[in-house]
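Here's the structure, in structure tokens; my notes come after.
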Amino acid sequence: MFSQSEKVVYPGHGVAIIHRVLERRIGGKSTKFFELKFLNKDMMILVPVDNVVSIGIRNVSSQKDIGTLFKMFSTPVKHHHHEMALNWNKRNKEYQGKIRSGRLQEICEIYRDLKSIEQQKELSFGEKNLLQQTETLLVEEIALACGMKQDAATSQLRSLVQKELQL
């Protein structure tokens, strides 16, 4: 599965490195844990090795996956004007579920949709925070997968989305 020093994606939090593998006794039972140290946050967590799949921890995307992801920006945005007026809480709940899934494509869809909404109206505080969160998650993985600095990944992502939304 995963091993020490491997980089992985933890849904909703971004890229982490498996700092070490620990074994702890809990309730009389010996359990193995991955100690994850996040690359861009001052945060470390322990994840039971047996729960890795259910949590959604996955490998970092490949450069080919990122290329496929970028093509998604040219697909039509799903929302319409009347959907934008829908209750923010309902949309936010749907968006949060997608972020917790950890699937890069779903995070990318949220980012694309919010960037599209941003062109039509000023984003609410919650929408701005969500846009920033999704951009951070995307940039971390794009930079790592493509071997580039985060600034370059941010510029590439923003310019690609801007270009596609203006077509």
What's the number of the only condition in (1) at pLDDT 90 or above; (2) more than 19 Å from the chain's Cα centre (by Cα); (3) aliphatic (A, V, I, L, M) that Val52 fails to meet? (2)
Filtering region 18-45 down to residues that are within 25 Å of Lys98 (Cβ to Cβ) and surrounded by fewer than 16 Cβ atoms within 10 Å (Cβ to Cβ) yields Leu39, Asn40, Lys41, Met43, Ile45
Just give me the residues in region 16-48 being closer than 28 Å to Cys108 by Cα, touching a strand residue (DSSP E or B) at 6+ places or on another chain (Cβ under 6 Å) and among the aliphatic types (A, V, I, L, M), in sequence order. Ala16, Ile17, Ile18, Leu36, Leu39, Met44, Ile45, Leu46, Val47
Condition check: outside any loop (DSSP other than H, G, I, E, B), of a type in the set (Val, Ile, Thr), modelled with pLDDT under 90 and out of contact with any strand residue (DSSP E or B) (no Cβ under 6 Å at 6 or more places or on another chain). Does Thr75 satisfy that? no
Residue in region 35-42 that is at negative phi and touching a Lys or Arg at 6+ places or on another chain (Cβ under 8 Å) present: yes
Within region 6-23, the residues that are in a strand (DSSP E or B), in contact (Cβ under 8 Å) with a residue 12 or more places away in the chain and not aliphatic (A, V, I, L, M) are Lys7, Tyr10, Gly14, His19, Arg20
What pairs come up if the first residue lies in region 42-53 and is more than 13 Å from Leu22 (Cβ to Cβ), the second is surrounded by fewer than 11 Cβ atoms within 10 Å (Cβ to Cβ), and their beta carbons are under 7 Å apart, counting only those six or more places apart or on different chains? Val52/Met1
Tell me whether region 81-88 contains one or more residues that are in a helix (DSSP H, G or I), modelled with pLDDT of 90 or more and not assigned by TED's automatic domain parsing to the domain that holds Lys41. no
Of the numbered conditions (1) assigned to a helix (DSSP H, G or I); (2) in contact (Cβ under 8 Å) with a residue 24 or more places away in the chain, Lys64 satisfies every one except a single condition; which is it? (2)
Could you identify the single residue in Lys37, Lys32, Lys41, Lys98 that is outside any loop (DSSP other than H, G, I, E, B), within 18 Å of Leu137 (Cβ to Cβ) and not assigned by TED's automatic domain parsing to the domain that holds Leu123? Lys37
If you take the residues of region 108-139 that are free of Cβ contacts under 8 Å to residues at least 12 places away in the same chain and in a helix (DSSP H, G or I), which of them is surrounded by the fewest Cβ atoms within 10 Å (Cβ to Cβ)? Phe125
Pair list, Cβ under 6 Å, 6 or more apart: region 145-158 residue in contact (Cβ under 8 Å) with a residue 12 or more places away in the chain, other residue part of a helix (DSSP H, G or I) and surrounded by fewer than 15 Cβ atoms within 10 Å (Cβ to Cβ): Ala145/Gln63; Cys146/Gln63
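The values are calculated or read from the model by the stated rules, or taken from the named source; none is laboratory data. Computed from a prediction, not measured in an experiment: that's the story for all the values here. So basically every Cβ, Gly included, is an ideal-geometry build from the backbone, and we count neighbours across all protein chains shown.
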